[in-house]
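Everything on this sheet refers to the single structure shown next.
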There are 2 protein chains.
Amino acid sequence: MRLDLERVRLARNQIDPVFLDTPQYECEPLGQVLGCRVVLKVETLNPVRSFKGRGTETVLTRLLDGGGARSVVCASAGNLGQALAYGGRARGVGVTVVASARANPLKVERMRALGADVVLVDGEIEEALDTAARIAARTGARLVEDSRDVGTCEGAATIGLELAELPGALDAVLVSLGAGALASGVGFALKSLRPGVPVVCVQPEQAPAMTLALRAGAPVEVGVPRTIADGVAGRYVIPEVLADLSAVVDDAVLVAEDSIVAAMRLLHEHAGLVVEPAGALGVAAVLEDRARFEGTTVGTVLCGSNVAPADVDRWVHAPRPTAGWSH
Amino acid sequence: MRLDLERVRLARNQIDPVFLDTPQYECEPLGQVLGCRVVLKVETLNPVRSFKGRGTETVLTRLLDGGGARSVVCASAGNLGQALAYGGRARGVGVTVVASARANPLKVERMRALGADVVLVDGEIEEALDTAARIAARTGARLVEDSRDVGTCEGAATIGLELAELPGALDAVLVSLGAGALASGVGFALKSLRPGVPVVCVQPEQAPAMTLALRAGAPVEVGVPRTIADGVAGRYVIPEVLADLSAVVDDAVLVAEDSIVAAMRLLHEHAGLVVEPAGALGVAAVLEDRARFEGTTVGTVLCGSNVAPADVDRWVHAPRPTAGWSH
């Protein structure tokens, strides 16, 4: 286990407070639909609309405290890049983000607006990572790698510190699973502070790399991800992250694309929130196995909200049968 | 001035923490559209989807600490009633809410779901208030009256305590104006702690009672409100609230219905939030007078999010010209 509770606690002082102490509350109307009590942990109301700021702030503060490089580079599907750009701009650190040419254009636009130098490459996130590593080697910039860099996991773990302070029982916490920083961070904090709370990872069926690796105990060959949940669409498993995850996670489940869209719609209707597909995975998991969660109390982290408007129209908005109301 | 800063500070300990320390952050994409820096104060991510819990929690805690009645009654367009129902349920206090038969059905449904006894009456909020007063007289229940009850103002003022701690300059704070609890509370806290920050109230043109009263220095006869912003649609002015407001407010502006809808759409697109019409008034004010706010930093309180799904479809969703994105 690479994560350390004392460092996680210190991370709270390394992170811009705008990312901390996010809303966490029971959303009763959503629970009525799902047949269980649902506690939402909302990570979308901040300058980058995702939880990633917790990790990048941790990494950047540690880098500068250690007298490290004044420039950083990362590969990103969009959210890590936005968060790194935000933190770099505030600290005078140059930020280069390498993304797939097929990345979500809203996220690419936001990275640029935050001052990042964005390099687009053919291929998926893994090809972007290769390019980022080459840029780091050539320029001396520090490579920030999601999940492999323990600071990204320990920053995300501060979400778990906050969840651990929730009053009342929690029968499960559902966490979106991509490369593993969020899930291993939240899982580690919960196992440290509330060890009786099961931690369940949720990944799209169409991007199952880490889930299959958890089940097999080792990385498994999978195809190119084909999910709308771009925030968790990785193909390769980092062995150190797999080891961390295995130690703190109780279960990992896969969900279908239709369930992700249905979950996005429910969160929009009952919480008034746009969430991106990767942020709706926990609710999708309940939708797919209502019997398992019936009558229990589950928490879930709404980890991002970066959806292009046209995709919101397509996924969230659909004709409704009821008439409107007006005073 | 009825509000007291020491009591406002104490109110922070009288309010369920689920309503406190809400997100406040600069939403840069929205600012780019509006031509100024916009700091959002988000009061919609809690169990009642509005700021009203701050006031009702304050009132209920004081009532019980003082050995008062074990039942309460209020008139409400929906948000006060939900908040009172939530707080009453947690404390074993019986709650009756009187609402107009034309009230937002989503809000009525939520009040009932939270355990309130809901009485619907013909007419507007003022007729509901008459009925609530009669119920109080007959049953001994404590009448909780929005804005007239200083606890509702001092609870709302805790938003101002939090805004006052924002780093950086604020050139104006824009606050939705209805009966006045929110505006007088936020205005009072800001005038106490950051007296240089102008406080600007925003009310719909179609429900201008308090704004016209502020300008005239006394209540003015107005017609029946005809606004989609049901949360601020009052007709009559409470003289004590007018006096408080006059002491802490720098300006009050009116906005058109079209601007309210446009503001709701912008907040949905750029912050990923459903806000109800009353919560979008500050952004609507910037839309109506861009020159006034150009290049400045404005804060605004997104005070509620209770919109029926069919109304979200009607007001927020509309065809967009751009194509969707998918991985």
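Read-outs throughout are calculated quantities, based only on the coordinates presented, and are distinct from any laboratory measurement. What you are looking at is a predicted structure, and each value in this text was computed from that prediction instead of being measured. Because the Cβ atoms are built from the backbone with ideal geometry, glycine has one as well, and the counts that use them run over all protein chains shown.
Chain B residue nearest the rotation axis toward A, with distance: B:317, 2 (Cβ to axis, whole Å). Against the main long axis of the alpha-carbon atoms of chain B, helix B:150-164 sits at an angle near 30°. Distances between copies at residue B:137, taken between label points 7 Å from Cα along the C-beta direction, are 8.6 nm in increasing order.
If you take the square roots of the eigenvalues of the alpha-carbon gyration tensor of region B:52-143 and sort them as a ≥ b ≥ c, do you get rounded (a/c under 1.5), prolate (a/b over b/c) or oblate? Oblate shape, in that a/c is at least 1.5 and b/c is the bigger or equal ratio. Per-residue Karplus couplings for region B:251-260, computed as 6.51 cos²θ - 1.76 cosθ + 1.60 with θ equal to phi - 60°, are listed in order as 6, 9, 10, 10, 10, 7, 4, 4, 5, 5 Hz, Gly and Pro entered as x.
Between the residues B:96, B:71, B:81, the greatest Cα displacement towards the positive end of the dipole of region B:52-143, with unit charges on the Cβ of Lys, Arg, Asp and Glu, is found for B:71.
Relative contact order of region B:1-75, taken over Cα pairs closer than 8 Å and 6 or more residues apart, is 29 percent.
For residue A:316, no residue has an amide H sitting under 5 Å from its own, ignoring neighbours fewer than 5 places away on the same chain, with H placed 1.01 Å from N.
A cut-off of 5 Å between modelled amide H atoms, ignoring neighbours fewer than 5 places along the same chain, links residue A:175 with A:200, A:201, A:202. Summing Lys and Arg as +1 and Asp and Glu as -1 over all other residues whose Cβ lies under 15 Å from the Cβ of residue A:123 gives a net charge of -2. Taking a sphere under 11 Å around the Cβ of residue A:207 and counting the other residues whose Cβ falls inside, with K and R at +1 and D and E at -1, yields a net charge of -2.
In plain terms, the residue of B:245, B:5 with the fewest other Cβ atoms within 10 Å comes first and the most crowded comes last, giving B:5, B:245. Using only the C-alpha atoms, the convex hull of region A:139-235 corresponds to 129 Å³ per residue.
Put +1 on the Cβ of each Lys and Arg and -1 on the Cβ of each Asp and Glu in chain A; which of A:202, A:123, A:136 then has its Cα farthest toward the positive end of the dipole? Of the listed residues, the answer is A:136.
If you wrap chain B in the convex hull of its Cα atoms and look at it from every side, the mean projected area works out to 16.7 nm². Cβ crowding within 10 Å, taken as a proxy for footprinting-reagent exposure, orders A:193, B:34 from fewest neighbours to most as A:193, B:34.
For chain A, relative contact order (Cα pairs under 8 Å, six or more residues apart, normalised by length) works out to 21 percent. Other protein chain C-beta atoms within 10 Å of residue C-beta, averaged over A:306-316: 5. Calculated from the alpha-carbon coordinates, the protein assembly as shown shows an Rg and a Dmax of 24.6, 81 Å respectively. Taking other C-beta atoms within 10 angstrom as a stand-in for reagent exposure, A:296, B:56 fall in the order A:296, B:56, fewest first.
Here the Karplus curve 6.51 cos²θ - 1.76 cosθ + 1.60, taken at θ = phi - 60°, turns the phi angles of region B:215-228 into couplings of 5, 7, x, 6, x, 10, 6, 10, x, 5, x, 10, 10, 6 Hz, with x standing for Gly and Pro.
Here the protein assembly as shown is assigned +1 on the Cβ of each Lys and Arg and -1 on the Cβ of each Asp and Glu. Its dipole about the Cα centre then comes out at about 540 debye.
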